[in-house]
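Everything below concerns the one structure shown next.
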């Protein structure tokens, strides 16, 4: 997508002057030293190069201040100048390309290129304290729906590390909440299928937390018996006051025997939901309020879709996950930085049992512009309300929807690996994934012609010696063969898009002839005139289909957030369902099948 960057000037710091490189160079007007101007220009160009012509002021400012502390006192003065430099660098990249930016840096600041090369990393950073053959990781989704694009990060990063270290990945279903995030029985198999498709291999182990409830309850009982936890019957609001004031609640001093008795009453149903929780005994004066006697188990009498009403007390995720990670020998945990408090809570629990906590790595949040704030729970509600047709609705960010549209698993893996494990919160457009995906599918995608909203014309070809049009299956891979459109003799009916038909004048039917659209009509329909077989000048090229090579088709695509069924004609072909093709002038699409009326169905991938 072409982006236009306005050129802004903020007196009194600089004035523009053309340089021999074609870049509008801003020179100081007294306040900034020439050396500083050159330095900021270098950083702006470098940033534009590193981020494909989309440099950011904040990124440049951070680098300037981080590497040149002496400039921090001038931060306010530098902001406007850096902003204009970044805009100019981005505009130059859009106008003349990244190679031009690179050539400027080679001439003026070659060290900026050396720095970029030095810091560039292919693949993921090494795991700390990892031994080949001994690494165990886990991916632990809640099975309240299939995996989404956001979940894909966890699958990719964990399985990639497992490959790097000849290790294992456990697929663990954290399904111990039957109320807020109620498990969907169909989600288990969908998630396993999504995992295998994306990673290219099945999980090494599969666990369901709901199958292991007896183990968690046994550990809870031991925690109480050893004095590491207690039964708290304060209300949520009451305990919040204790937490804020750093004082212990009255329940904390109960004898162990009394805690165990109340534990039994929680499990036999005597104490009702909300009447008690199990809290891990920590220190109510800890600086982090979240760590002060944190809750580990609570009462839930909801019917669980897999184990029914067998259990009345269920572990919260911090407790269940901590116990399971230890039992499964997990060596490394990769999780979002928003779960740092979970790590701290679990370390406190591990210390009580004398366990060694896994190495933990964090990543920041990634927001994909086009999908905003989708959540699995919200998608489920919207599907139930009829806003979407199902989990594979092309407008959704589920892996099932993306697979249906034709996204390549390898391209998606590269997308997440390239983003890496930065703790910075970042936002990326789908165009980044689309670019990777286009490279992955292009070489194998045969070309086909699709005419949307077709209008037909009669062409007299009796004076043309050409009786067949030959087109490549793939223009860059002649070994894949050709497509042949027989034309016959005399008059032929051709189909062109309504948008092309509505604009009269000379047009070039791709790979065939120049025609004149004159909007004249006879008893047989609209008539066009063949002018010549060789293209002359800049005659606009349009796509078309002879009637004898056309079949009715519907292309499912998204326009302005709405799912549109675009009717048209598709070039005859015998490709099987699931084949990704490139529709000329329209981008990639996946062939889905044929409906009862003989209409071929396709779904658009991306341009």
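Every number here is computed from the coordinates shown, using simple stated rules; none is lab data. Only a predicted model underlies this, so the values are computations on that prediction, with no experimental measurement involved. Heads up, the Cβs are rebuilt from the backbone with ideal geometry, glycines too, and the neighbour counts pull from every protein chain shown.
Couple of notes before you dig in:
- Nearest-0.05 FRET efficiency for residue 246 and residue 365, computed from C-beta distance (R0 25 Å): 0.20
- Computed FRET value (nearest 0.05) for residue 303 with residue 52, which takes r as the C-beta separation and R₀ as 45 Å: 0.30
- Part-to-part distance (alpha-carbon centres) for the stretch 540-583 and the stretch 447-492, which is given in Å: 16
- Shape of the stretch 366-442, Cα gyration tensor, a/c cut at 1.5: oblate
- Relative to the current alpha-carbon distance between residue 418 and residue 520, full extension at 0.36 nm per residue lengthens the span by 31.1 nm.
- Here residue 226 and residue 377 are evaluated by their C-beta separation; at R0 = 51 Å the FRET efficiency comes out at 0.90.
- The chain: C-alpha gyration tensor shape, a/c 1.5 cut-off, then a/b vs b/c: oblate
- Using the rule -39500 (n - 2.57) for each DSSP H run of four or more residues, divided by the residues of the chain, the 222 nm mean residue ellipticity is -10500 deg cm²/dmol.
- Descending principal axes extents, the stretch 457-607, alpha-carbon based, whole Å: 42, 37, 32
- Most to least packed among 163-174, 475-486 [average Cβ atoms within 10 Å]: 163-174, 475-486
- Distance from the Cα centroid of the stretch 45-85 to that of the stretch 369-444 is 32 Å (rounded to whole angstrom).
- Tensor-based shape of the stretch 535-607 (alpha-carbon gyration tensor, a/c under 1.5 rounded, otherwise prolate or oblate): oblate
- Relative exposure of 464, 426, 580, judged by other C-beta atoms within 10 Å (fewest first): 426, 464, 580
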